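This report concerns only the one structure given below.
Quick note: the coordinates plus some simple rules give every number you see, no bench work behind them. Fair warning: this is a prediction, and the values are worked out from it, not measured in the lab. Positions of Cβ are backbone-derived with ideal geometry, glycine not excepted, and every protein chain shown enters the neighbour counts.
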Amino acid sequence: MAKKRTEHIIQKDEVEIGLFQLRLMFGDSWEEDIHLFTHSFFCDCGDENRELVNYKSYISSLNDVILKGWCSSCKTIAIKYIETGERAGIEKVSDRVRKLNKS
Ligand SMILES: [Zn+2]
């Protein structure tokens, strides 16, 4: 049986963002949003109490947010892909987020 990868792959179009930038991407509901997403990711273990922990946040060229971290239950890597790119007005926000990264 193939062993599960132990390191995340970062795609070329993905830019790492910090907590402040992550908050900008979700606006006022960021806390609830992040809570929801870190408790609703796919993992092989299927543990009901799993949580995405020690994650880093990325923004893709499609303005989606990707959380790359670890499953708290089985201690393997896990990803949550969030389609923020569909949200109204997200382009403006993500442009700002990207600019913050360069300064
Ligand atoms: Zn797991």
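Mind checking which of S29, N63, F42 is farthest towards the positive end of the chain's charge dipole, using Cβ charges of +1 (Lys, Arg) and -1 (Asp, Glu) about the Cα centre?
N63
Can you list residues whose amide H is under 5 Å from A78's amide H, if they're 5+ apart or on another chain and H is modeled 1.01 Å from N?
Under 5 Å from the amide H of A78 lie the amide H atoms of G69, W70, C71, each far enough along the sequence or on another chain.
What list of ³J(HN,Hα) values in whole Hz, one per residue of segment 65-79 in order, does the Karplus curve 6.51 cos²θ - 1.76 cosθ + 1.60 (θ = phi - 60°) give from phi, with Gly and Pro shown as x?
Going residue by residue, I get 9, 10, 9, 10, x, 10, 7, 5, 7, 10, 6, 10, 6, 8, 10 Hz, with x marking Gly and Pro.
Please give the peptides 76-84, 38-46 ranked by average Cβ packing (other Cβ atoms within 10 Å per residue), highest first, as a rough proxy for protection.
So the peptides 76-84, 38-46, ranked by packing, come out 76-84, 38-46.
Could you work out [θ]222 nm for the chain from helices alone, using -39500 (n - 2.57) per DSSP H run of at least four and dividing by all its residues? Round to the nearest 500 deg cm²/dmol.
Per the formula, -8500 deg cm²/dmol.
For segment 45-61, in order, what is each residue's ³J(HN,Hα) by Karplus, 6.51 cos²θ - 1.76 cosθ + 1.60 with θ = phi - 60°, in whole Hz (x at glycine and Pro)?
Once rounded to whole Hz, the list reads 5, x, 4, 5, 9, 5, 9, 7, 10, 6, 8, 10, 10, 9, 10, 9, 5.
Counting alpha carbon pairs within less than 8 Å and at least 6 residues apart, what relative contact order, in whole percent, applies to the chain?
About 27 percent, as a whole number.
Say a paramagnetic label sat at a point 7 Å from the Cα of K56, along Cα to Cβ; which residues of segment 79-103 have their backbone N under 16 Å from it?
79-80, 101-102
Viscosity 0.890 mPa s, temperature 25 °C: Stokes-Einstein D of segment 15-102 from its Kirkwood Cα radius, in µm² per second?
Details: Rh = 13.3 Å.
Answer from the Stokes-Einstein relation: 185 µm²/s.
Dipole size in debye (nearest 20) for the chain around its Cα centre, Lys and Arg Cβ +1, Asp and Glu Cβ -1? Don't skip to the end; give the middle numbers.
Values: 16 positive and 17 negative charges, 106 e Å.
The dipole magnitude comes to about 500 debye.
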